[in-house]
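Heads up: the structure comes next, in structure tokens.
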Amino acid sequence: MKKLFFIMCMTLISTHSLAASKVMEGVVEKSEVITTQVGKNGRPVLGAAVGVGVGSAFGSGSGKDAAKIVGGLIGARKAAKKKKKTLYGWRYIVKANDELHVIDTWCAAPNEQCTGIIKGKEVYVINGNEVSEK
């Protein structure tokens, strides 16, 4: 049993070492700002309809009507708050090993711009999808 456990541990360790990072040195040939939209636009009418449906589960008589109205208002308000967010990033064209590599990187937070790496800077290309300054 101990031998089996030892063999399994050694297999996991050796498999992990095979998945090492590939790093190349290169130079930024071009860098440009890129953007994309993520998320959904809010739909207040749909939110109001859902709110009315939920509100109808509460109360009776005029209390039920009040619950529907309040539910509709809350649903519309929540749906209206949902907005698309803009993600900013950088597209780099890096020359490494006599080849051009196109690498897109994104800023950490939506609706926030981040600094990039300028043309001519020496960089490391990590696993073909990440850029780091030297």
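Read-outs: derived from the displayed coordinates by stated rules, not from any lab. Only a predicted model underlies this, so the values are computations on that prediction, with no experimental measurement involved. For neighbour counting, all protein chains shown are included, and Cβ atoms are generated from backbone atoms with ideal geometry for every residue, glycine included.
Details
- Distance violations [Cα-Cα > 21 Å] among LYS84/LYS119; LYS95/LYS121; LYS30/LYS95; LYS22/LYS85: LYS84/LYS119; LYS22/LYS85
- In terms of surrounding Cβ atoms within a 10 Å radius of their Cβ, ILE103, ILE126 rank from fewest to most as ILE126, ILE103.
- With both labels modelled 7 Å from their Cα along Cα-to-Cβ, the GLU32 to ALA108 distance reads 2.8 nm.
- Residues LEU100, LEU87, sorted so that the one with the fewest Cβ neighbours within 10 Å comes first: LEU100, LEU87
- Fewest-first ranking of VAL45, VAL50, using other Cβ atoms within 10 Å as the exposure measure: VAL45, VAL50
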